[in-house]
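> First, the structure itself, so that you have it in front of you.
The values are calculated or read from the model by the stated rules, or taken from the named source; none is laboratory data. Keep in mind that this is a model prediction, so the values were computed, not measured. For neighbour counting, all protein chains shown are included, and Cβ atoms are generated from backbone atoms with ideal geometry for every residue, glycine included.
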Amino acid sequence: MEDDRLHTSYAGRWVARLHGKIIAQGGTPELARRAAQSIRHKENPEIIYMSAGFSLAPLIEKLKMILPPEQELYLVGGAVRDLFLKRLSRDFDFALPSNGIPLARKIANQLHADYITLDSERDTGRVIVTEADGTRTFLDFASYRGDSLEGDLRGRDFTVNALAYDLRNDTIIDPLEGAADLRAKRIRACSPTSFLDDPVRILRAVRMAAAFGFQIEKNTRELMKQAADQIGRVSPERLRDELFKILEGPKPDASIRALEMLGVIGHLMPELIEMKGVEQSPPHVYDVWTHTLAVLGELENILSALRVGYSGDETTDLFTGLLTLRLGRYREKFTEHFAASLNTDRSVRSLLFFAALYHDARKPQTKSWDETKNRLRFFDHDIQGAETAAERAHFFNLSNDEIQRLKVIIKEHMRIHFHGSRMAGEGKSPSRRAIYRFFRESGEAGVDLVLLGLADLRGTQANALTQETWAAYLDVSRILLENYWEKPQETVAPPRLVDGNDLMRELELQPGPLIGELLEAIREGQATGRIETREQAMEYAREWWTSQQDEDKSKS
C-alpha cells in the first residue's frame, strides 16, 4: 500500500498505476494515459481517479440530488479552488453546454430561492439562497465561454481558477495543471494574453497572492508588467472593486508595493507616485512613499491585535502588548464600528486603509523648508490631501457617505499627533473641550482617526519609537475612546437643553446663523462641565448675547 501522503499529493488527479506504483498523472484519464505511454509505451497501466477528499457544502450536495440525471453541469473556478484549499465559499459558479438561464430558473424554483438574470447575452442566471440567519449563497449558472468546457477553462485568468468539478461523477477536470500550482502555492496565468484580455486580472493576481500566501510565477509577473499600461481600459468600478478587496485583505502594504513594482500604481492612482523619494525630517525615518506603505502595514497589525479573540500570547512585541493592555477592552466596540456600513459593497475597514494610502498624498506639493526650525514642513498637506483623495474617490464612484468619511479622516489626521505630542512632552491630557471638538469635527470617524494616528506614529518612527512616546499616544487614544464609548453624553454629544425657538423667544432674536452659533456655544459649555441645567444654559446665552452686542458696539 502506498504512503497516504503520496495519495494526497495526487488528490483530485487521474493517475496511471502499474504494478501498484503510480507512474504518471494528468488532469483527465486521457492525459494520464498519454503520460504513462511516453515512458512505458509497451505497458498497459490502470487509469484511476485519486479522490480529492472534498467536503462539499450541503447546498451543493442538495443540488446534485435535484439535478436531472442527464444534466451535464460543472462547478468551476474559485469555488473548486476553495475545495482544494478547504476554504468556505458562498459563491459558486457552474458551467454547462447551454441553457444556463433556464436551468438557473428551474433550480431556483426547486430550492425555493430567489432568481435574477445576470447576463442574457452570456446566458447567465443567478440563484440566491437565503438562510434563516440572513446568510446568502450565490449560485451562478452560465453556458460555456468557449466551444467546450476545456475552452471555457483555458480562457480563465489563472490556472488555479481553471479547475472544474463534474457533479455527475465527482471527478476533477484540470487541463492546465491548476491543482499542481495549488500544491506549489503558485499563481500562473492561463495564457500569454490573459492580462491583455482583461487587465484587471493584474490586481486580482496580486490580491490572490496575498490572500492565499502564494507566489506569482516569474513569467506571469512579466506578462503583468507588459500589460500594466492597459489598466486604463478597465472601468473605474471594476478597478475600485479589486483595489478595495486588496485593502480589505491581508498584507495590503505588500500588495500595494507589488502594484508599484509592476508599474500599475501610475495608471491606477497616479497622484501616489509623486510621493516616492520625497524626504522628510526627523522623527520620520522614511521617505513619504515608504512611510505610507509602513502605515498600511502597521494599521493591519493594530487592527489584528484589537480583534475579538486575539490572545496576548500571539506576540512578544512590547508595543503590541501595551496596545492590547490599554485598548483591548474595546475589542467588541471596534468590531461594531467596522461592522457598520457606509456602502453594502465595501467595508468601513477597507475605506480606512484607502484613507491611510492617501493621508500624505499632498506632501510632495506642500513641501517647504523652515529656516527658523531647520527642517522640512508640509503645511496644509492634510487639507489638500483630503481633496485629492476625494477626487480619486469620485473617479472610483464611491458613495457620498464614503467620500465624506474619507475627507474627514485625512483632513483631521494630524489632531491625534497634537494631543499625543503634548502628552509625551508635557504630560497634559486632552481637555474636555478638546475631546468635544475632536469628535465634533470627526464624528464616527474619530475611531478611525485614533487607529490611523497610532499606525502613523509607528510608520513614522519605526524602531526609533520609544516606549514612553507610544504609551503617551495610547493614553490619549484611551481617553478619547473612553469618552466616545463610555461617556458620550458628558463630553461628546451632550443632550440638548434648549433649542433655537427657546433662544429666539427668551432673547427676542430673529432666525439666522447667530442662533446656530449660540446653540453650539451652549453645547460646548455642557461638554466642558460649565453648563448642566436649562437655567444655566439660558443664563449663559444671555451673557453670550450681551458680550456679542458689546463687541459689535466697540467696532462701530
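> Among the residues of segment 368-389, are any in the same structural domain as Leu452 (by TED's automatic domain parsing), crowded, with 18+ Cβ neighbours inside 10 Å and farther than 23 Å from Gly443 by Cβ?
Yes, segment 368-389 contains at least one residue that is in the same structural domain as Leu452 (by TED's automatic domain parsing), crowded, with 18+ Cβ neighbours inside 10 Å and farther than 23 Å from Gly443 by Cβ.
> Quick check on this structure: which one of Ser399, Ser477 is touching a strand residue (DSSP E or B) at 6+ places or on another chain (Cβ under 7 Å), touching a residue at least 24 places away in the same chain (Cβ under 8 Å) and not acidic (Asp, Glu)? Step through it out loud before you land on a result.
On the way: Ser477 fails: touching a strand residue (DSSP E or B) at 6+ places or on another chain (Cβ under 7 Å).
After applying the criteria, what remains is Ser399.
> Looking at Leu272, is it within 24 Å of the chain's Cα centre (by Cα) and buried (at least 19 other Cβ atoms within 10 Å of the Cβ)?
Details: within 24 Å of the chain's Cα centre (by Cα): yes; buried (at least 19 other Cβ atoms within 10 Å of the Cβ): yes.
Judged against the criteria, Leu272 is a match.
> Within the bounds of segment 99-120, is there any residue that is buried (at least 21 other Cβ atoms within 10 Å of the Cβ), in contact (Cβ under 8 Å) with a residue 12 or more places away in the chain and closer than 21 Å to Ser194 by Cβ?
For segment 99-120, residues buried (at least 21 other Cβ atoms within 10 Å of the Cβ), in contact (Cβ under 8 Å) with a residue 12 or more places away in the chain and closer than 21 Å to Ser194 by Cβ: absent.
> Which residue out of Asp181, Asp133, Asp140, Asp147 is modelled with pLDDT of 90 or more, at negative phi, of a type in the set (Asp, Glu) and outside any strand (DSSP E or B)?
Working: Asp133 fails: modelled with pLDDT of 90 or more; Asp140 fails: outside any strand (DSSP E or B); Asp147 fails: modelled with pLDDT of 90 or more.
On inspection, the qualifying residue turns out to be Asp181.
> What are the pairs with Cβ atoms under 6 angstrom where one residue, in segment 141-163, is not assigned by TED's automatic domain parsing to the domain that holds Ile202 and the other, located anywhere, is part of a loop (DSSP other than H, G, I, E, B) and polar (S, T, N, Q)? Sequence gap at least six, or different chains.
Between residues of segment 141-163 that are not assigned by TED's automatic domain parsing to the domain that holds Ile202 and residues that are part of a loop (DSSP other than H, G, I, E, B) and polar (S, T, N, Q), the close pairs are Ser143/Ser98.
> Looking at segment 358-402, which of the residues that are modelled with pLDDT of 95 or more and of a type in the set (Asp, Glu) is farthest from Glu274 (Cα to Cα)?
This residue is Asp401.
> Would you confirm, using the coordinates I've provided, whether Ser347 is of a type in the set (S, T, N, Q), free of Cβ contacts under 8 Å to residues at least 40 places away in the same chain and closer than 30 Å to Arg136 by Cα?
On the way: of a type in the set (S, T, N, Q): yes; free of Cβ contacts under 8 Å to residues at least 40 places away in the same chain: no; closer than 30 Å to Arg136 by Cα: yes.
Answer is no for this residue.
> What do you reckon, is Val450 touching a residue at least 60 places away in the same chain (Cβ under 8 Å) and surrounded by 22 or more Cβ atoms within 10 Å (Cβ to Cβ)?
Working: touching a residue at least 60 places away in the same chain (Cβ under 8 Å): no; surrounded by 22 or more Cβ atoms within 10 Å (Cβ to Cβ): yes.
Taking the combined requirement at face value, the residue does not satisfy it.
> Still on this model: When residues of segment 27-55 are filtered for being at pLDDT 75 or above and either in the same structural domain as Ala180 (by TED's automatic domain parsing) or assigned to a strand (DSSP E or B) (or both), how many remain?
Selection size over segment 27-55: 2.
> For segment 163-178, how many residues are out of contact with any strand residue (DSSP E or B) (no Cβ under 7 Å at 6 or more places or on another chain) and closer than 22 Å to Ile216 by Cα? It would help to see each step written out before you state the result.
Here is the first cut: in segment 163-178, the ones out of contact with any strand residue (DSSP E or B) (no Cβ under 7 Å at 6 or more places or on another chain) are 168-170, 174-178.
Within this subset, residues satisfying the condition of being closer than 22 Å to Ile216 by Cα are 174-178.
Number satisfying all stated conditions: 5.
> Would you be able to say whether some residue in segment 526-534 is loosely packed, with under 11 Cβ neighbours inside 10 Å, farther than 30 Å from Arg326 by Cβ and at pLDDT 90 or above? Write out each step before concluding.
Filtering segment 526-534 down to residues loosely packed, with under 11 Cβ neighbours inside 10 Å leaves 533.
After this cut, where a residue has to be farther than 30 Å from Arg326 by Cβ as well, the list is 533.
Those left that are additionally at pLDDT 90 or above: 533.
Yes, the conditions are met somewhere in segment 526-534.
> Ok, one more. So for segment 538-553 (the condition being of a type in the set (Gly, Ala, Ser), touching a helix residue (DSSP H, G or I) at 6+ places or on another chain (Cβ under 9 Å) and within 19 Å of Phe438 (Cα to Cα)), does at least one residue qualify? Let's see the steps before the verdict.
As a first pass, look at segment 538-553 and keep what is of a type in the set (Gly, Ala, Ser): 541, 547.
Pick out the ones that are also touching a helix residue (DSSP H, G or I) at 6+ places or on another chain (Cβ under 9 Å) and you get 541.
Imposing the further condition that a residue be within 19 Å of Phe438 (Cα to Cα) reduces the set to none.
Within segment 538-553 (the criterion being of a type in the set (Gly, Ala, Ser), touching a helix residue (DSSP H, G or I) at 6+ places or on another chain (Cβ under 9 Å) and within 19 Å of Phe438 (Cα to Cα)), the answer is no, since none of the residues qualifies.
> Is there a residue in segment 428-440 that is more than 14 Å from Leu480 (Cα to Cα), in the same structural domain as Thr290 (by TED's automatic domain parsing), touching a residue at least 12 places away in the same chain (Cβ under 8 Å) and touching a Phe, Trp or Tyr at 6+ places or on another chain (Cβ under 9 Å)? Walk me through how you get there before you give the answer.
Pass one, segment 428-440, residues more than 14 Å from Leu480 (Cα to Cα): none.
No, segment 428-440 has no match at all.
> Condition first: touching a helix residue (DSSP H, G or I) at 6+ places or on another chain (Cβ under 6 Å), in contact (Cβ under 8 Å) with a residue 40 or more places away in the chain and assigned to a helix (DSSP H, G or I). Can you find one or more residues in segment 305-316 that meet it?
No - not one qualifying residue is present in segment 305-316.
> Follow-up question, since we're still on this one. Just a yes or no: is a residue in segment 427-435 within 21 Å of Leu303 (Cβ to Cβ), touching a helix residue (DSSP H, G or I) at 6+ places or on another chain (Cβ under 7 Å) and β-branched (Val, Ile, Thr)? Steps first, answer last, please.
Taking segment 427-435 first, the residues within 21 Å of Leu303 (Cβ to Cβ) are none.
No, there is no match, as no residue in segment 427-435 is within 21 Å of Leu303 (Cβ to Cβ), touching a helix residue (DSSP H, G or I) at 6+ places or on another chain (Cβ under 7 Å) and β-branched (Val, Ile, Thr).
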